[in-house]
Amino acid sequence: MTALTNQARVAAPPATARPSFFRHTAYLTLRQLRAAARVPAFVVMNVVQPLIWLLLFGQLFTSVVDIPGFTGGDNYLEFLTPGIVMMMALFGSAWAGTSYIQDMDRGVMDRFLTSPTSRGAMMVSTLVYQALLTLVQSLIVLGVAWLGGARFDGGLGGILILLLAAMLLTASFSALSNAAALLARNQNVLIGISQLITIPLMFLSSALMDTSLSADWVAEVARFNPFEWAVVAGREALGASPDWASVWGHLGLLAVFTAVLAWVATRAFRVYQRST
Amino acid sequence: MAASSDGMALVAADLVKTYSQGRGTPPLRALDGLTFQTEEGTVFGLLGPNGAGKSTTVKILSTLARPDSGTAMVAGIDVGRHPGRARSAIGFVAQKQVSDPMDTGVENLVLAGQLHGMSTRAARSRAGELLERFALTSAARRQVKTYSGGMARKLDVAIGLMHRPQVLFLDEPTTGLDPEARAEMWAEIERMSREERMTVLLTTHYLEEADRLASRLAIVDAGRVVTEGTPEQLKSELRGDAVVIELHEASVISRVLESLGRLGGFRDAAAEGRAVRARADDGGAALPLLLAALDAEGIAVASATVSRPSLDDVYLAHTGHSFAAVHAGSSADARTELEEVAS
């Protein structure tokens, strides 16, 4: 037996699963960050639309705050900003599954699945990447809102909590998008499903309008809307006197929601393989 | 390692796989009891037209798909029972490009090594070695999307080799390559099987590719192995030389067949279009006699050839249809498929 084949036997990786999950997550997240760094326009492109909404709606609805019964403070731009951050996170993550579709259209997905790559890492790395993307984009939106005159009493702590909520929201809906990608394996179907889900979630929330001014059933439904959880947590945290029980409660719900969806989406790899 | 206690690097035993095709249509039987096995260190070829079941077989052996029934073993590991262990032992080069076009060549290789549990340093040094071997060093730091088809395919094979697998799957490694790139890839695969003691499962629908690269091969048709052996064995099963007479018009074919029968020494005579094929123990001696006989009958011959049996003849003998005929129909599909992938 030659030295070469001896080496081959040694190169067989250890069968320990836990440590490879974290290492694989890091390697695969870096892969996506490299791609994003090579096309920075893509990162910025996703921010343009939210900024247009922010400035457009901000101007269009300035006097909303004067409606009797509006409980969201006296500056609509300040009310709107956390809503826009979450809308950006929601719409951005709806597209997350696209990278899976691309990997499937090529042989990249099949190569990963025939290697000892951790399935959990394949899922979580895309969630981490999407959450980082949201982080950068949210900072841009906050900066523009500040330039537009919005001031947030919650300060740095409030902003960090808003960012955390946006990242959790991103991770949960990215997991959903990934699962849809694994099951549908088709970009058009993926976008169709995403739109079907995201648009109603956006309107059944207080992102654009205080739900105490909407029909009662909207406020009632919104309580069960994960998107609304993120909006409430972020908006409360940016306020002058946050209701901390509400902030942490909603963040906790989001965290559980994210974990459940990530787990379910990882299971979708099995369905993908079964139908291969 | 308990690798292949019975000396077999690959075992496919009675594999059956069906795909549902939606309501109203009967399920497609992609594999219908496919069976073969390979010794360690050989290049084993699966030869057959598109749709014969080659890719499905590779998907099952590489843990990607599960068979409806049957057993698949890789390096002594039952892939159904221990897919995780099997994955560490194999390299997989799919029919489609397996590299990430957004990453550079070296990034693709290092990532593949890391995912196989190599340290970053070991992965870097192995990547450098492979890039050099595949003459990709100068392109190592370029994004793969700038590579030519031939370069990208070589990188794909290098990715499959990163962790020194015991078994390497090459699913149609040269489909879509221009002749020059194909010749280069053949030379690489030959060198690889010589230098690294590794089992290679190669699927192809190119007869010449199977003839040149595979030390053993199985001909696959409609989800079954119809015959198996070394290319030489398969060809020598067909005793004698192939004699092909091409005619100006098809109307005289029956008279040519009659002449062949009268002359004796020719077997397996069959018409194909305007040509007549037959076998003869000594084709070189039999042909002048045949030509003289046809001349005496006033039958004009367009061309006459004598050749040693080819894999095409083997394919024809075992499946009842000419490989070229099947392939002509399916290669158009293969091309559109490739174009879709490329766009």
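Data overview
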item: Dipole of the stretch B:117-235 [Lys/Arg +1, Asp/Glu -1 at C-beta], most positive-end residue of B:204, B:138, B:151; result: B:138
item: Residues of type lysines that residue B:54 reaches as a straight line, Cα spacing below 17 Å, ignoring anything fewer than 8 places off in the same chain; result: B:17, B:96
item: Whole-angstrom Cα spans of chain A along principal axes, big to small; result: 85, 36, 35
item: Distance between modelled label sites at residue B:296 and residue B:35, nm, 7 Å Cα→Cβ extension; result: 5.1
item: Gaussian network model of chain B, Cα within-10 Å springs - most flexible of B:34, B:61, B:247; result: B:247
item: With eigenvalues of the C-alpha gyration tensor scaled by 5 and rooted, the stretch B:239-308, Å; result: 17, 13, 11
item: Rounded percent of accessible protein surface that carbon and sulfur make up, the protein assembly as shown, 1.4 Å probe; result: 58
item: Pairwise Cα inverse-distance average, inverted: Kirkwood Rh of the stretch A:121-276 (Å); result: 16.7
item: Angle between chain B longest axis and helix B:253-263 axis [Cα atoms, degrees, rounded to 10]; result: 80
item: Efficiency of FRET between residue B:270 and residue B:306 - r from beta-carbon atoms, R0 22 angstrom, step 0.05; result: 0.85
item: The stretch B:3-69: radius of gyration and largest Cα-Cα distance (Dmax), Å; result: 13.5, 46
item: Debye intensity ratio I(q)/I(0), log10, the stretch A:137-184, q values 0.15, 0.22 Å⁻¹ (C-alpha model); result: -0.53, -0.79
item: Angle in degrees between helix B:120-133 and the longest Cα principal axis of chain B, rounded to the nearest 10; result: 30
item: When the stretch B:187-253 is reduced to its Cα atoms, the Kirkwood hydrodynamic radius in Å; result: 14.8
item: Lys, Arg +1 and Asp, Glu -1 on Cβ, resulting dipole of the stretch B:8-235 about Cα centre, debye, nearest 20; result: 700
item: Interface size B-A, as summed buried accessible area [1.4 Å probe, Å², nearest 100]; result: 3300
item: For residue A:218, net neighbour charge (Lys/Arg +1, Asp/Glu -1) across residues whose Cβ lies under 14 Å away; result: -3
item: The stretch B:8-65-the stretch A:120-156 distance, computed between alpha-carbon centres (Å); result: 48
item: Per-residue ³J(HN,Hα) for the stretch A:67-80, Karplus 6.51 cos²θ - 1.76 cosθ + 1.60, θ = phi - 60°, Hz, x for Gly and Pro; result: 4, x, x, 6, 10, x, x, 10, 10, 5, 4, 5, 5, 6
item: Descending semi-axes in whole angstrom, ellipsoid equivalent of the protein assembly as shown, from the Cα gyration tensor; result: 62, 26, 21
item: Protein-protein interface of the stretch B:154-199, residues with accessible area decrease of at least 50 Å², isolated chain reference, 1.4 Å probe; result: B:164, B:197
item: Averaged over B:114-124, number of beta-carbon atoms from partner chains that fall within 10 Å; result: 4
item: Alpha-carbon Rg/Rh ratio, for chain B, with Rh computed the Kirkwood way; result: 1.05
item: Contour excess over end-to-end distance, with Cα ends at residue A:253 and residue A:270 and 0.36 nm allotted per residue; result: 3.4 nm
item: Convex hull volume per residue for the stretch A:101-178, taking Cα atoms only, in Å³; result: 100
item: Acute angle (nearest 10 degrees) that the helix A:187-203 long axis makes with the longest principal axis of chain A, alpha-carbon atoms; result: 30
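The values are calculated or read from the model by the stated rules, or taken from the named source; none is laboratory data. For clarity, every value in this text was computed on a predicted model and none was experimentally measured. Every residue, glycine as well, gets a Cβ built from its backbone with ideal geometry; the counts of neighbours run over all protein chains shown. Keep in mind that these areas ignore ligands, DNA and RNA; they rest on the heavy atoms of the full protein, side chains included. Shrake-Rupley method; radii C 1.70, N 1.55, O 1.52, S 1.80 Å.
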